[in-house]
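Worksheet: the structure to be examined is printed underneath.
Read the figures in this text as sums done on the coordinates, not as results from a lab. Nothing here was measured: the structure is a model prediction, and the numbers come from that model. Here the Cβ positions follow ideal geometry from the backbone for every residue, glycine too, while neighbour counts run over all protein chains shown.
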Amino acid sequence: MAAAPPWRLVNEASGRPGRASPSGRAYDHRHQAEARLVLPGCARSIGIWRSLTDNGGRSTEALNQQPIDVGEPRALRTAVLAAAGERGPTYRALVKRYGAGDERLFGSVELRGAGPELIVVISVDERVVSRLGEKAALGNHIAFQVRRSKVADRPGAVWIEKAFETFCDRLSPVWGQAGHPDEYWAKVMGERPSIVAVGRDFGRFLPGVFWLNFFGRRYRELFGDDQLRSTPASRVATVDEGVLIGLGLEPSRWDTPEYAAAEQRVRDHLGSEAFFSKAEPDRPTVAPDWSV
């Protein structure tokens, strides 16, 4: 069986044009209420966690958190965009030596509340779709890491299922998934010759089918509404502009035969060519045309 929490929840590319732009509107005052709800112990404030490298190697004891007063309108948006756009001494030294490169706004910010049970990582990018080598990456995503068995006195799986649906409804991402981190590692990550996300190339395929899955407008166009809504799964629901599909079992059972069978039914119904496979990484696949 898989290990205990943390679980992983990811909403990808919430900043697509027409919903929440890469200029940062996804993180304005309208969503500070959600921040108070999802970060335990932050009725008034949350904090941006700072690493050692963020502060030139100085101790994190005094600099490990930059507080945000979510009672102030647009405070979350302002703080996230400012922190995401920060560049450290190494970057400045490289610019001085070699000149400026791509100066677009992009970066990630780690938010924490008063307790250890939840971490939220917000990544922003002015480019909704960008190239990472030969791969296509989706910018602007939110990742929730549930690191205890309970959040706000509710079982972690129950909490994250509700949070997943809420954020998909409010932000309508291109794609999202929630599941156990061991499941994600087994399906998406490669370890030889180096650790790399071999299953993340949105120009070719989706990383996989997970415990919870959200298919936004572009994937509704790819699969077809009737096909998505007739998926043989425990839960199929229309959420804002997309469709949410859940396998029904506990996320910790991701490595059981029952879970594998439920996953395969979804893959077969939607078309296995739309999803990455470690067993056949170079097979023909399909994906949306991100150039339009």
**Asked** Rounded to a whole number, what is D in µm²/s for segment 133-262 from Stokes-Einstein with the Kirkwood radius over alpha-carbon pairs (10 °C, 1.306 mPa s)?
**Response** 101 µm²/s
**Prompt:** Normalized C-alpha radius of gyration of segment 88-200, against 2.2 N^0.38 Å?
**Reply:** 1.30
**Fill in**
About its Cα centre, segment 238-292 carries a charge dipole, from +1 on Lys and Arg Cβ atoms and -1 on Asp and Glu Cβ atoms, whose size in debye to the nearest 20 is 140 debye
**12 Å reach of a label modelled at residue 108, 7 Å along Cα-to-Cβ, counting backbone N of segment 121-138** = 121-124
**Item:** At R0 = 22 Å, FRET efficiency that the Cβ-Cβ distance of residue 226 and residue 286 yields, to 0.05
**Value:** 0.80
**Message:** Skipping prolines and chain starts, which residues have an amide H placed within reach, meaning under 5 Å, of the one on residue 125, given they are 5 or more residues away or on another chain?
**Reply:** 140
**Square roots of 5 times each gyration tensor eigenvalue, C-alpha, segment 227-273, largest first, Å** = 19, 13, 7
**Message:** Tell me which GluC sites (Glu not before Pro) from segment 172-247 have a DSSP coil assignment and no more than 14 other beta carbons within 10 Å of their own.
**Reply:** 191
**Request:** Specify the inter-centroid distance of segment 217-263 and segment 138-159, based on alpha-carbon positions, in whole Å.
**Result:** 19 Å
**Item:** Rounded FRET efficiency, nearest 0.05, which uses the C-beta distance separating residue 149 from residue 256 and R0 of 25 Å
**Value:** 0.85
**Message:** How much of the pair distance distribution for segment 135-191 lies past 20 Å, counting alpha-carbon pairs only, in percent?
**Reply:** 36 percent
**Request:** Return the distance in nm (one decimal) between the two label points of a simple spin-label model at residue 278 and residue 195, each offset 7 Å from Cα along Cα→Cβ.
**Result:** 1.5 nm
